[in-house]
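Reading through the structure tokens given below for one structure.
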Amino acid sequence: MLEIQRMSTEDGPGLRSTLFLKGCSLRCRWCHNPESISPKPELRWSGSRCLGCGECLSACPNRALSLGAGIRIDRGSCDGCGECERTCPGGALELWGRSMTAEEAVAELLRDRSFFGPDGGVTVSGGEACLQASFVQETLGRLRSEGVGTALDTCGMCTEFRLLRSAEHADLVLYDIKDADPDRHLRNTGGDLAVVLRNFRLLARPSGDRARKRIWVRTPVIPGLADSPGMIEGIARFLVESGAESVERWELCAFNNLCREKYRQLGEEWELAASPLMDADHMDRLVDAAIRAGWPADRIRWTGMTAAGGTVGKERLGSPEPGIGRRSWNEEAPCARDRNG
């Protein structure tokens, strides 16, 4: 697992604790959580905390660390043993990722239950949570038996077996649909759009004794890569045809660039580090595009930081006529981990 984020208002209804798992089946160019892509523990170094003492160098059994203009990490030699993390007096070295059983995860998450209230609960996210289907199934099952609301966050890029197993005990599924064009989806995420859409239909339509799932759809809006009205119209048409009865809301998540430091800590360059924020008026036009394509106006909104909107999200609800409708401001933060991922 990667971490538990508490007091979240962005990963389902109410106040929630979100369990993030490592390992992802996509490689999105805009990924805001590069530390969640690899399934293995990864070491990061924070220069602001480093004392320059060199204690970590002698602690590393694989000689994966060296001292220059900061600590250099040979990631080919680092096996994530954590000796340097335990030795570092300033807390400058930290492992992203650790092992945890479902029983341990549930015990930790249940500590937060007094904060959930009637609408909150626990969301399991990633990376791609469905890659750890057995763990997710057991964790959500145990939580549900304790009366805790449960949600699964997925990009849908997995086998049908893994998806259904992971979603079995989820009261709600947060489902990412990142594009409607197969070639562009493959170019930007490395994933097969047909698999994503097929798995969405699997959750949205009842079959035998399996009821349809409650679904919230989320679409990242990325400047220059995935930000056109035509893309939104294509997704809207798919949702109208395939999941209108199951989808309770559709959220357009405006790009943010707050993850640049994560890439630096992993020793990587991010191609979108200098990309600008989205414009609020453009986000409004994307909502209008979805409505024109037939999506209900009261089930779509956009959230996130914008060049005009600062750090608040904007909710657009109204009539299906472009530019007309009730607008309200709220204080939701931008879509959280990997909602731009």
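The values are calculated or read from the model by the stated rules, or taken from the named source; none is laboratory data. Remember, predicted model here, so these are calculated numbers, not experimental data. Here the Cβ is made from the backbone with ideal geometry for all residues, glycine too, and neighbour counts use every protein chain on show. Surface areas here come from the heavy atoms of the whole protein model, side chains and all, with no ligands, DNA or RNA. Shrake-Rupley method; radii C 1.70, N 1.55, O 1.52, S 1.80 Å.
Classify the stretch 89-174 as rounded, prolate or oblate, taking a ≥ b ≥ c as the square roots of the eigenvalues of its Cα gyration tensor: rounded when a/c is under 1.5, otherwise prolate if a/b is larger than b/c and oblate if not. Kindly include the intermediate steps, with their values, before the conclusion.
Numbers: a/c = 1.91, a/b = 1.17, b/c = 1.64.
Here the stretch 89-174 falls in the oblate category.
Say each of S207 and T159 gets a label point 7 Å from the Cα, pointing the same way as Cα to Cβ; how far apart are those two points in nm?
1.5 nm
How many percent of the accessible area of the chain is carbon or sulfur, using a 1.4 Å probe? Can you show the working numbers first?
Values: 7060 of 14640 Å².
That share works out to 48 percent.
Sort out the exposed loop GluC sites (Glu not before Pro) in the chain (DSSP loop, at most 14 other Cβ within 10 Å) and tell me the longest stretch that has none.
1-145
Looking at the chain only, what percent of DSSP beta bridges run antiparallel? Nearest 5 please.
Details: 21 of 51 bridges.
Restricted to the chain, the bridges split so that about 40 percent are antiparallel.
Spelling out what I want: for every residue of the stretch 263-277, take phi, set θ = phi - 60°, compute 6.51 cos²θ - 1.76 cosθ + 1.60 (Karplus), and round to whole Hz; glycine and proline get x.
Result, ordered by residue: 5, 5, 5, 8, x, 10, 9, 10, 5, 9, 4, 9, 5, x, 6 Hz.
Take the Cβ-Cβ distance between E261 and V240 as r, set R0 to 45 Å, and report the resulting FRET efficiency rounded to the nearest 0.05.
Using R0 = 45 Å, I get an efficiency of 0.70.
Using a basic spin-label model with each label point 7 Å from the Cα along Cα→Cβ, how many nm lie between A107 and R214?
For A107 paired with R214, the spin-label model returns 3.0 nm.
What number comes out for accessible area per residue over the stretch 10-104 if the probe is 1.4 Å? Units Å², please.
Values: 4550 Å² over 95 residues.
So the stretch 10-104 comes to 48 Å² accessible per residue, rounded to a whole number.
Filter the trypsin sites (Lys or Arg not before Pro) in the stretch 1-84 down to the DSSP loop ones having no more than 11 other Cβ atoms within 10 Å, then list what survives.
Working: sites: R6, R16, K22, R27, R29, R44, R49, R63, R72, R75; in loops: K22, R27, R29, R63, R75.
In loop regions of the stretch 1-84 (DSSP not H, G, I, E or B), the sparsely surrounded trypsin sites (Lys or Arg not before Pro) are R63.
Anything in the chain that counts as a DSSP H helix reaching 15 Å or more along its axis (C-alpha) with Kyte-Doolittle mean of at least 0.5? List them, would you?
Both cut-offs are met by 193-204, 229-242.
Do the sum for the chain: with -39,500 (n - 2.57) for every DSSP H run of n ≥ 4, divided by all residues, what is the mean residue ellipticity at 222 nm, to the nearest 500 deg cm²/dmol?
It comes out at -8000 deg cm²/dmol, rounded to the nearest 500.
Evaluate the chain: find the radius of gyration of its Cα atoms, find its Kirkwood radius, and give the ratio Rg to Rh. Could you put the intermediate results ahead of the total?
Values: Rg = 20.7 Å, Rh = 21.0 Å.
Rg/Rh: 0.99.
Quick check for you: which residues of the stretch 96-136 have the amide N under 15 Å from the point 7 Å beyond the Cα of R75 toward its beta carbon?
In the stretch 96-136, the label zone of R75 (backbone N under 15 Å from the point 7 Å along Cα→Cβ) covers 96-97.
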